[in-house]
Amino acid sequence: RQRPDIRASEELLHAASARDRRELLWPARAFGLATVAAAADVDLLGRFVVGHSVHHGPTHGIGFAVIVGLAVWGVQRWRRQPDARRQGLLLGFAWALHGLVDLVSRDTNPPVGPMVLWPFSQRYWESSVILFLDTARTFTWQAVKVNALAMVWETAVLAPLLLTAWWFQRRRLR
């Protein structure tokens, strides 16, 4: 499942970075940013490959965000898109935002915290400021309750920020 805190942070990025009203109201753009940010969790599949959790590893680091941004820029430039640089920066930032949101999320599954400074550091970082609750990664009724509570909290924290960003952008783009 895509965590609401990741989705809402990408909606904030979408609202804040829209150049015009068409971009602001384009749902595919918002969905694309959220999808790119959620893709950092591809490392969850590592459990099936190596037999143990590798979540919050290099895919949550600044280095991987740079790789994503450069790849997007390269593909867009090859396709002769006029805003290739902007797209690379935006999607690289969207990817990096995932690691930053995970940094301020409670994590009780070892290794604790994301590797946000990869490749400069192999350390898993844990913030003393926790904004979001832990989520369960199992399929039990207890996990459903824990995740529902986390979703309600994340919505309560991020919805006012999202609505404010949308309001300011709509006013700016009139």
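At what distance in angstrom do the alpha carbon centres of the range 137-163 and the range 1-74 lie from each other?
Going from one Cα centre to the other spans 19 Å.
Which of the chymotrypsin sites (Phe, Trp or Tyr not before Pro) found in the range 67-128 are in a DSSP loop and have at most 15 neighbouring Cβ atoms, other than their own, within 10 Å?
Qualifying residues, ordered by number: F120.
Looking only at H60, H14, H52, which one moves most when the chain is put into a Gaussian network model with springs between Cα atoms under 10 Å?
Taking springs between Cα atoms under 10 Å, the residue moving most is H52.
At a 1.4 Å probe, what is the % contribution of carbon and sulfur to the accessible area of the range 20-161?
The nonpolar share, carbon plus sulfur, comes to 71 percent.
Taking the Kirkwood radius as the inverse of the mean 1/r across Cα pairs, report the Rg/Rh of the range 15-92.
Rg divided by Rh gives 1.07.
Over the range 80-132, with the other protein chains present, what is the accessible area per residue in square angstrom, probe 1.4 angstrom?
For the range 80-132, the per-residue accessible area is 58 Å².
Pull out the extension gain between A16 and R86, defined as 0.36 nm times the separation in residues minus the alpha carbon to alpha carbon distance; nm, one decimal.
Once the chain is fully extended between A16 and R86, it gains 23.8 nm.
Considering the chain as a Gaussian network with a 10 Å cut-off on Cα pairs, which listed residue, V50, V116, V152, attains the greatest mean-square fluctuation?
Between V50, V116, V152, it is V50 that shows the largest mean-square fluctuation.
Between A39, A143, A94, which gets the highest mean-square fluctuation from a Gaussian network model of the chain, Cα cutoff 10 Å?
Answer for the Gaussian network model of the chain: A143.
Which value at 222 nm does the chain reach when only helices count, each DSSP H run of 4 or more adding -39,500 (n - 2.57), with the total divided by all residues and rounded to the nearest 500 deg cm²/dmol? Could the numbers behind the result be given before it?
Details: 7 runs with 104 residues, N = 174.
Computed ellipticity for the chain at 222 nm equals -19500 deg cm²/dmol.
Starting from the Cα of F168, step 7 Å along the direction of its Cβ; do the same at W153; then give the gap between the two resulting points in nm.
Placing both labels 7 Å along Cα→Cβ, they lie 2.6 nm apart.
At q = 0.14, 0.21, 0.28 Å⁻¹, what log₁₀ I(q)/I(0) does the range 96-153 have when each alpha carbon counts as one equal point scatterer in the Debye sum?
Evaluating at q = 0.14, 0.21, 0.28 Å⁻¹ gives log10 I(q)/I(0) of -0.42, -0.82, -1.14.
Evaluate E = 1/(1 + (r/R0)^6) for W141 and L44, where r is the Cβ-Cβ distance and R0 equals 25 Å; express this FRET efficiency to the nearest 0.05.
0.70
The values are calculated or read from the model by the stated rules, or taken from the named source; none is laboratory data. Note that the structure is predicted; figures quoted are calculated from it, not measured. Ideal geometry is used to build each Cβ from the backbone, glycine not excepted, and the neighbour counts take in all protein chains shown. These accessible areas exclude ligands, DNA and RNA; they are computed on the full protein's heavy atoms, side chains included. Shrake-Rupley method; radii C 1.70, N 1.55, O 1.52, S 1.80 Å.
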